[in-house]
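Contents: one structure, followed by commentary.
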Amino acid sequence: MRILSKLSVALVSAVLLLNGCGTTGEAEQEQGAVAGGGAAAGTAEDAAAAAATAPTAEAQPVEQPKERSPLEEGLLAQRVVYFDFDSSVVHDDAMPMLRAHAQYLASNGTNITVEGHCDERGTREYNIALGERRADAVRRILLANGVSASQIKIVSYGEERPAALGHDEQAWASNRRSELMY
Amino acid sequence: MLRKQLTIILFCLFLGNLAQAAPLTIEITQGVESALPVAIVPFGVEGARKPPDDIAKIVSMDLARTGRFDPMDEKDMLARPSAPENLKFQNWRLMQREALVIGKVKHESGDRYAISFWLFDVYKETQLAAFNITGTESGFRAVAHKISDIIYEKLTGEPGAFSTRIAYITATPDKKDKLQKEYSLWIADADGFNPQILLKSKEPVYSPAWSPDGQKIAYVSHERGKQQRIVIQEWLSGARNITTMPLNGRQSSPAWSPDGKKLAFTNHKDGNAEIYVLDLSSKNVQQITNHWAIETEPVWTPDGRSIIFTSDRGGRPQLYKTSANGGAVTRLTFEGVENARAAVSPDGNMIAMVTAIRNDSTNRLEYKIAVMESATGYLSILTDGILDESPSFAPNGSMIIYATTTRRGRGELAAVSVDGSVKQSLAYEDEVREPAWSPLNNK
């Protein structure tokens, strides 16, 4: 996992440089940690692919919005946004990933379902409402980044569809999430 | 501690897949010291045909489960009278029984039986009740529960709730992928027998709610386009109707008005949950709450005038109350970190809820069932679980059934008396959740 995280940090940093986003090194490290914990398997593969083909991407100055750039692919492989307990605030470190998705969706016109999920604590129907709020927080970011409202459907599963079994902080943290499904 | 432990293990002998949803054990984990000593004598049998069930055993189980009665073990009985003329009260005084039930079953014709029973006060040597009931082979357990209802009412002055049903949801994990579950909606007798399945789905099913006449169940299903929708199902015929609302958004948390004419529900739109009321005949929808915070889990007060709901407008979930036409909102709960998912007792005097308390040694929130006196706001915590939820009152107000998660993470059902003195647990083979106790008139 440590190697994975480093790869992800490198990848995220590269993307940030290419996009010209000025952020501090501290924020980049947080992004690395999230990517490593989140879509781990996908990130590893795509990071390797990105490393292999990155020079080609740099050599092509022509914009081709229909095709995913390999670096973009690394971010697009991440599909999960995590939340704090009883919160629907999207952390800054999820923004590059969401912007990458928004860019892809806006240029391809693809439809997306944004799912909202919660941990098992709290009552079931409250969690349906909280999951809805989480999915909507992600929806708003996609809208602000050029995706049209008609492309986005949201659904809340509350605590009904955990990503991790278990009844501890680790399981809860991975269950408090929003997933981008397309 | 004036507590008494008494355990009843009930082995259910069901065939086929029905066995999955019947409780494997019903255990009284806490009873009352003052439980009334009673004796339910095995009923005499007349005629050649043997009755399909042992009425005395069913009645004994029913009464014992309440924790308020201590039925005598059949094998300790000195005599087994089945008619008043053969009854010797001193036998039962010797065994320190205060109430006695005797009876007989006679096969009439076909699958029909005539059942007679008598209830006596042993010390006063008086007859408290005598009834003749006709029963069929398939409805034999129902007759036994009816007898339990009569005995309970005669001895406590309150109606029994033995002839009722409980709806609940099971979630069976897929054998290969434990995160994938098959959801089933069930209805069973209040003692766990006769479970029948109403719906099976790969998509989540939750929030079952009985109509006041006991004929229909509203619930939330993700079947259509995978977004949450309210379904109303007649449980006897199985006819289902996905409720369409003249609203944008997704709906959940159905709650029938006491007259059965309206349905309160939550509409989720743009990340905001608000409570609405649907008039079931005109299909008109009225918005009840209007706030940027979450408003959900509506329930009606028994007079139909108010709606109690959960809102996090104060930062964390708490209970609030408003008129059934909307308007001013009053906060009801102030104790505990969170209070949510209200259930109102049939007489309106008590509000049960899920209350979250921080455990100081683990620094974790623990969710327990609490009741609050409507008039005084006095809150008492009834359960000691870590993740108790979905409280539902018995229609006679005596017990609250709820879902609990064991320390090993298993979902079970449990029940507690409103004063906290009696506790029972119901273990199922599958993960079980969201019990909803039917109204009394659910025939």
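The values are calculated or read from the model by the stated rules, or taken from the named source; none is laboratory data. Since this is a predicted model, take the numbers as computed values, not measurements. Here Cβ is always computed from backbone atoms with ideal geometry, including for glycine, and neighbour counts include all displayed protein chains. Protein only, heavy atoms only, side chains kept; ligands, DNA and RNA dropped before computing areas. Shrake-Rupley method; radii C 1.70, N 1.55, O 1.52, S 1.80 Å.
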Can you tell me which residue is nearest to B:ARG141 (Cα to Cα) among those in region B:50-76 that are surrounded by fewer than 18 Cβ atoms within 10 Å (Cβ to Cβ) and out of contact with any Phe, Trp or Tyr (no Cβ under 9 Å at 6 or more places or on another chain)?
B:LYS57
In this structure, is B:ASN325 of a type in the set (S, T, N, Q) and not in a strand (DSSP E or B)?
yes
Which residues, taken from region B:391-408, are open to solvent by less than 20 Å² (accessible area, probe 1.4 Å) and farther than 22 Å from B:ARG68 by Cβ?
B:ALA403
Checked region B:344-397 for anything part of a strand (DSSP E or B), more than 16 Å from the chain's Cα centre (by Cα) and among the polar types (S, T, N, Q); matches are B:THR355, B:ASN359, B:SER380
Could you list all residues from region B:184-210 that are within 14 Å of chain A (Cβ to nearest Cβ) and buried (at least 21 other Cβ atoms within 10 Å of the Cβ)?
B:SER184, B:LEU185, B:PRO204, B:VAL205, B:TYR206, B:SER207, B:PRO208, B:ALA209
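Return the only residue of B:VAL285, B:VAL337, B:VAL344, B:VAL299 being β-branched (Val, Ile, Thr), touching a residue at least 12 places away in the same chain (Cβ under 8 Å), touching a Ser or Thr at 6+ places or on another chain (Cβ under 6 Å) and open to solvent by 10 Å² or more (accessible area, probe 1.4 Å). First the steps, then the outcome.
On the way: B:VAL285 fails: touching a Ser or Thr at 6+ places or on another chain (Cβ under 6 Å); B:VAL337 fails: touching a Ser or Thr at 6+ places or on another chain (Cβ under 6 Å); B:VAL299 fails: touching a Ser or Thr at 6+ places or on another chain (Cβ under 6 Å).
Of the residues listed, the single one that is β-branched (Val, Ile, Thr), touching a residue at least 12 places away in the same chain (Cβ under 8 Å), touching a Ser or Thr at 6+ places or on another chain (Cβ under 6 Å) and open to solvent by 10 Å² or more (accessible area, probe 1.4 Å) is B:VAL344.
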Just give me the residues in region B:413-443 being within 14 Å of chain A (Cβ to nearest Cβ) and within 16 Å of B:ALA190 (Cα to Cα), in sequence order.
B:VAL432, B:ARG433, B:GLU434, B:PRO435, B:ALA436
Enumeration of residues in region B:413-428 that are of a type in the set (A, V, I, L, M) and touching an Asp or Glu at 6+ places or on another chain (Cβ under 7 Å)
B:LEU426, B:ALA427
Single residue of region B:253-269 satisfying the filter (in contact with a Phe, Trp or Tyr (Cβ under 7 Å, 6 or more places away or on another chain) and of a type outside the set (A, V, I, L, M, F, W, C)) that is farthest from the other protein chains (Cβ to nearest Cβ)
B:PRO258
Search result, residues across region A:108-135 that are away from every other protein chain (no Cβ under 11 Å) and open to solvent by 10 Å² or more (accessible area, probe 1.4 Å):
A:ASN108, A:GLY109, A:THR110, A:ASN111
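Restricting the search to region A:164-175, which residues are open to solvent by 20 Å² or more (accessible area, probe 1.4 Å) and touching a residue at least 60 places away in the same chain (Cβ under 8 Å)? Spell out how you get there, then give the answer.
Here is the first cut: in region A:164-175, the residues open to solvent by 20 Å² or more (accessible area, probe 1.4 Å) are A:164-170, A:173-174.
Correct list: A:ALA173, A:SER174.
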Turns out the strands (runs of 3 or more DSSP E) fully within region B:81-148 with at least 1 residues that are touching a Leu at 6+ places or on another chain (Cβ under 8 Å), open to solvent by 30 Å² or more (accessible area, probe 1.4 Å) and modelled with pLDDT of 95 or more are B:112-121, B:126-136
Meets criteria (assigned to a loop (DSSP other than H, G, I, E, B) and either more than 10 Å from every other protein chain (Cβ to nearest Cβ) or open to solvent by less than 20 Å² (accessible area, probe 1.4 Å) (or both)) for B:GLY315:
no
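Just to be sure before I move on: is A:VAL138 within 11 Å of another protein chain (Cβ to nearest Cβ) and β-branched (Val, Ile, Thr) in the structure I sent?
On the way: within 11 Å of another protein chain (Cβ to nearest Cβ): yes; β-branched (Val, Ile, Thr): yes.
So A:VAL138 fits the description; yes.
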Take the conditions within 25 Å of B:GLN251 (Cβ to Cβ) and open to solvent by 40 Å² or more (accessible area, probe 1.4 Å) and apply them to A:ALA149. Does it pass?
yes
Looking only at residues that are buried (at least 20 other Cβ atoms within 10 Å of the Cβ) and not polar (S, T, N, Q) in region B:217-229, which one is farthest from the other protein chains (Cβ to nearest Cβ)?
B:ILE217
Of these, B:THR322, B:THR330, which one is away from chain A (no Cβ under 14 Å), closer than 30 Å to B:ILE381 by Cβ, surrounded by fewer than 14 Cβ atoms within 10 Å (Cβ to Cβ) and not charged (D, E, K, R)?
B:THR330
